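Structure first, commentary second.
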Amino acid sequence: MKLLPRSAFGQTVMLLAGLLLINQLVSYTIVVMYVIKPSYDQINDLLAKQVKVVFLDEPINGRQRLELPDEMRKRFFEATGIELYSEQSARKAGLDQATYYSYLSEELGRELGGPTEVRINQGTQFDIWVRPPMAPKYWLKVPLSGFEGFQFSPLPLYLALIGVLSVLGGWLFARRLNRPLKKLEVAAHQVGRGERTATLSDDVGSSEVAAVTRAFNQMAKGVAQLEEDRALLMAGISHDLRTPLTRIRLATEMMQSSEGYLKDGIIDDIEDMNAIIDQFIAYVRQDREDSPEPSDVEALLEDAVSAFAERPLRTVLAVEPIPELWLRPLSIKRLIYNLLENAERYGRGEARVEARLSLNSNELVLKVGDNGPGIPEAERERLFMPFERGDKARSTHGSGLGLAIIKKIVDSYHGRILLGQSTQGGLLVEIRLPLSSLSPVE
């Protein structure tokens, strides 16, 4: 069900709240049955006896009336504090401020043999007002001095207060229990993005959570070691490959002029191989040499576009006013450069670069579109995988890592990539970077 929380924290709190609710209902039922109801019955029995004594000289349930001396009646009222009021005088004495109790009225009516009304005034003095069936035009005010300050209905308030405190305690317990899991989740996301993470403390939480934390620390350490080994391997390979390439380049310079066509072909191949090596290194490093700093987005895009000033690609840059953002400058320039390089290779000589903030100003939106043949929608999902090219891009040039590098950069900003069709009819790449990730903590 959608109403049930999916997190362990929410489920724990809901479980505790459910158990406490059942416990409160059971406690309320027991207290009512074995404490409140007997008290009400005792008060009802006491009231019934006192009312019967007051009206001994009135026929009750068909019994013959008993004449009482006035002196005895006077002494009874003085001893008990019971007072007899007419309807009008009772209202002046505070009847309207008393609360009607249906349960006591019904029970007392059964005892007195007719419709009875009971009201209770819980002010500075605890008074019970009774309209007896044998004198419906009169009210008896019965003071109960032993009940001053006593409230008949505090139980729901007390149970609610206990329930709230219990749920709050359960919430604090569940929060403390799930805090190390939350830290573990954040660290797992960092490792998944290829970032380094600090070693998590394994001395908090339950023993099971501590064991998982220790296993995660071991895994993160192994992943970091693999990344270091991979970077070292790629650095070694690039160094070892560039040495023979340099020798080949020097050898081609010594070729005769009559072999110029062959010389130019070899030089082009050497440049392609150097570019491929650079892309491999960039993919492995994932811009780790770049750190966030306040950056002018328009200036970064102009730097990236200026690299194509002497190249066949004609680029149009459209940037709306954007405040300074915390960015990794090299990563943004590499991102735009790779997209423009892709547009130059597979487009028809034109590209458009746009930058703006989203309508709700919570994302940086970058767009690069070309006028090429585009890419079929069915093939777009695999376009950003390493070594993949679209059907319209079957050229042997490049390593197929350009768009994969873009994907890694966007993932490092917690952003997303959308592919569509540009206004020129070619491929449109839209990149959205959340502003929450463009901060100094990044």
- With all protein chains modelled, accessible area of HIS189 [1.4 Å, Å²]: 110
- Roughly how many nanometres apart are two label points built 7 Å out from the Cα toward the Cβ at ARG345 and GLU324? 3.6
- Message: Longer than 27 Å from Cα to Cα, which of LYS182/LYS408; LYS52/LYS137; LYS52/LYS92; LYS221/LYS407; LYS221/LYS367 are they? Say none if no pair is.
- Response: LYS221/LYS367
- Sorted by accessible surface (1.4 Å probe, heavy atoms of the protein chains only), largest first, TYR100, TYR40, TYR337, TYR138 come out as TYR100, TYR138, TYR337, TYR40
- Query: Each residue of the range 175-182 in turn: what ³J(HN,Hα) in whole Hz from Karplus with 6.51, -1.76, 1.60 and θ = phi - 60°, glycine and Pro shown as x?
  - Reply: 5, 5, 5, 9, 4, x, 5, 5
- Residues whose modelled amide H sits under 5 Å from the amide H of ARG314, counting only those 5 or more places away in sequence or on another chain, are GLU350, ALA351
- Query: log₁₀ I(q)/I(0) of the range 331-374 at q = 0.23, 0.28, 0.29, 0.33 Å⁻¹, via Debye over equal Cα point scatterers, no solvent, to two decimals?
  - Reply: -0.77, -0.94, -0.97, -1.10
- Task: Apply the Karplus parameterisation 6.51 cos²θ - 1.76 cosθ + 1.60, with θ equal to phi minus 60°, to every residue of the range 83-100 and state each ³J(HN,Hα) to the nearest whole Hz, in sequence, with x for glycine and proline.
- Result: 10, 10, 10, 7, 4, 5, 5, 5, 5, 5, 7, x, 5, 5, 7, 7, 9, 7
- Note on the structure: Phi-derived 3J(HN,Hα) across the range 315-330 with the Karplus relation (6.51, -1.76, 1.60, θ = phi - 60°), rounded Hz, x for Gly and Pro, is 10, 10, 10, 10, 10, 7, x, 10, x, 4, 10, 7, 10, 8, x, 4
- Amide H neighbours of GLU117 under 5 Å, counting only residues 5+ apart in sequence or on other chains, H built in-plane at 1.01 Å? ARG131
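The values are calculated or read from the model by the stated rules, or taken from the named source; none is laboratory data. Note that the structure is predicted; figures quoted are calculated from it, not measured. Please note: Cβ atoms are built from the backbone with ideal geometry, for glycine as well, and neighbour counts cover all protein chains shown. Side chains are part of the model used for accessible areas, which takes the heavy atoms of the whole protein and leaves out ligands, DNA and RNA. Shrake-Rupley method; radii C 1.70, N 1.55, O 1.52, S 1.80 Å.
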